[in-house]
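Asks: Okay, here's the structure, questions in a sec.
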Amino acid sequence: MNMKKLKGFSLTALFLSLVFTALPSLAQQASQELSSDSVIESIKKRGAIKIGLSIFTPWSMRDKNGELIGFELDVGTKLAEDMGVEAEFIPTAWDGIIPALVSGKFDVIISGMTTTPQRNLTINFTDPYAFSGLTILANTEMTQGMAIEDFNSSDVTFAARRGATPATLIAEMFPEAELLLFDEDGAATQEVLNGKAHATMAAEPTPSAEARRYPDVLNVPFETAFSATGESFGLRKSDPDALNFFNNWINIHTRNGWLKERNDYWFRGSDWADLVPEG
């Protein structure tokens with residue numbers, strides 16, 4: 001090998017050595033910059049997490065004293081407690097809640113928001129922290145001892161509002177059953193209450209509330225929520241640290257049962273009903 005080639009080889013080796021030596025430092029610097037840009041760091045410095053939500057019973061609502069209560073308030077308060085900061089809730093109109101998040105009005109949306117491709121183009125979503133869906137509301141005497149598969153029979157009659165999601169799902173799940181369709185809200189439940197239909201289907205908390213209202217006639221025979229959609233936290237894009245933290249928080253409290261317990265309290269129970277104004 002002549003001296004010219006040797007010199008070129010040495011310079012190349014030196015360059016590669018410098019590059020590989022610098023890579024870990026550059027990676028660490030990039031990681032530090034990403035971390036410092038995370039909303040998690042802003043929350044820690046501020047000492048408070050700003051949470052955007054919309055008023056929607058029983059996710060979030062005003063009690064008789066005008067104070068915010070509901071499932072989202074429990075979730076946000078617990079999240080803040082685990083972060084060692086205060087929770088600041090910012091009620092926002094639903095149609096403006098995503099723009100408000102993007103503009104920095106608050107740190108995260110916790111408002112029963114379902115992940116959709118259209119929303120996901122603008123913001124990121126965590127793993128689901130709640131699952132809402134449709135449950136069956138049945139006439140207790142007419143359906144006593146029936147398993148879920150027994151409802152798919154020509155001897156069974158369902159009632160539902162015409163054109164609504166429950167009507168579509170009932171037809172898909174129980175094609176052998178008779179389906180009575182009504183135009184008015186509440187008519188389907190009234191048919192079940194009057195013994196003219198075996199069951200109807202609706203989104204919680206309506207079925208559980210009706211079963212509590214007429215405990216001698218109606219019941220929710222199955223715990224299963226059908227056609228369940230997952231609700232997630234919404235956060236600004238390009239923040240992997242926040243996404244990681246929120247996902248881990250959700251997974252921890254899903255596994256330990258805390259999220260289910262609070263969800264059951266607000267969506268399956270009625271202990272809170274006296275706290276809010278009627279109507």
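The values are calculated or read from the model by the stated rules, or taken from the named source; none is laboratory data. It should be emphasised that the depicted structure is a prediction, and the values quoted were computed from it without experimental measurement. Note: ideal-geometry Cβ built from the backbone for every residue, glycine included; neighbour counts use all protein chains shown.
Asks: Can you tell me which residue is nearest to LYS45 (Cα to Cα) among those in the range 69-90 that are out of contact with any strand residue (DSSP E or B) (no Cβ under 6 Å at 6 or more places or on another chain) and of a type outside the set (A, V, I, L, M, F, W, C)?
Replies: Selected residue: GLY84.
Asks: Can I ask one more? Looking at the range 159-171, can you tell me whether even one residue there is among the small types (Gly, Ala, Ser) and closer than 27 Å to ASP274 by Cβ? It would help to see each step written out before you state the result.
Replies: Of the residues in the range 159-171, the ones among the small types (Gly, Ala, Ser) are 159-160, 163-164, 167, 171.
Filter once more, keeping what is closer than 27 Å to ASP274 by Cβ: none.
Checked the range 159-171: no residue is among the small types (Gly, Ala, Ser) and closer than 27 Å to ASP274 by Cβ.
Asks: Just to check your reading of the model, which residue among GLU184, GLU141, GLU191 is buried (at least 18 other Cβ atoms within 10 Å of the Cβ) and more than 25 Å from the chain's Cα centre (by Cα)? Walk me through it before giving the result.
Replies: Numbers: GLU184 fails: buried (at least 18 other Cβ atoms within 10 Å of the Cβ); GLU141 fails: buried (at least 18 other Cβ atoms within 10 Å of the Cβ).
Residue meeting the stated conditions: GLU191.
Asks: Another question, then. If you take the residues in the range 266-279 that are touching a residue at least 60 places away in the same chain (Cβ under 8 Å) and not in a loop (DSSP other than H, G, I, E, B), which one is surrounded by the fewest Cβ atoms within 10 Å (Cβ to Cβ)?
Replies: Residue satisfying both the conditions and the ranking: LEU275.
Asks: While we're looking at this one, here's another question. Report those strands (runs of 3 or more DSSP E) wholly inside the range 85-152 carrying at least 1 residues which are of a type in the set (Gly, Ala, Ser) and more than 27 Å from PRO166 (Cβ to Cβ).
Replies: 86-91
Asks: Taking only the range 113-129 into account, find how many residues are at pLDDT below 95 and crowded, with 20+ Cβ neighbours inside 10 Å.
Replies: The total comes to 1.
Asks: On to the next question. Select from the range 51-74 the residues that are β-branched (Val, Ile, Thr), touching a residue at least 60 places away in the same chain (Cβ under 8 Å) and touching a helix residue (DSSP H, G or I) at 6+ places or on another chain (Cβ under 7 Å) and list them in ascending order.
Replies: Filtering the range 51-74 for residues β-branched (Val, Ile, Thr) gives 51, 55, 57, 69.
Next, only the ones that are touching a residue at least 60 places away in the same chain (Cβ under 8 Å) stay: 57, 69.
If the condition is that a residue be β-branched (Val, Ile, Thr), touching a residue at least 60 places away in the same chain (Cβ under 8 Å) and touching a helix residue (DSSP H, G or I) at 6+ places or on another chain (Cβ under 7 Å), then ILE69 is the only one that fits.
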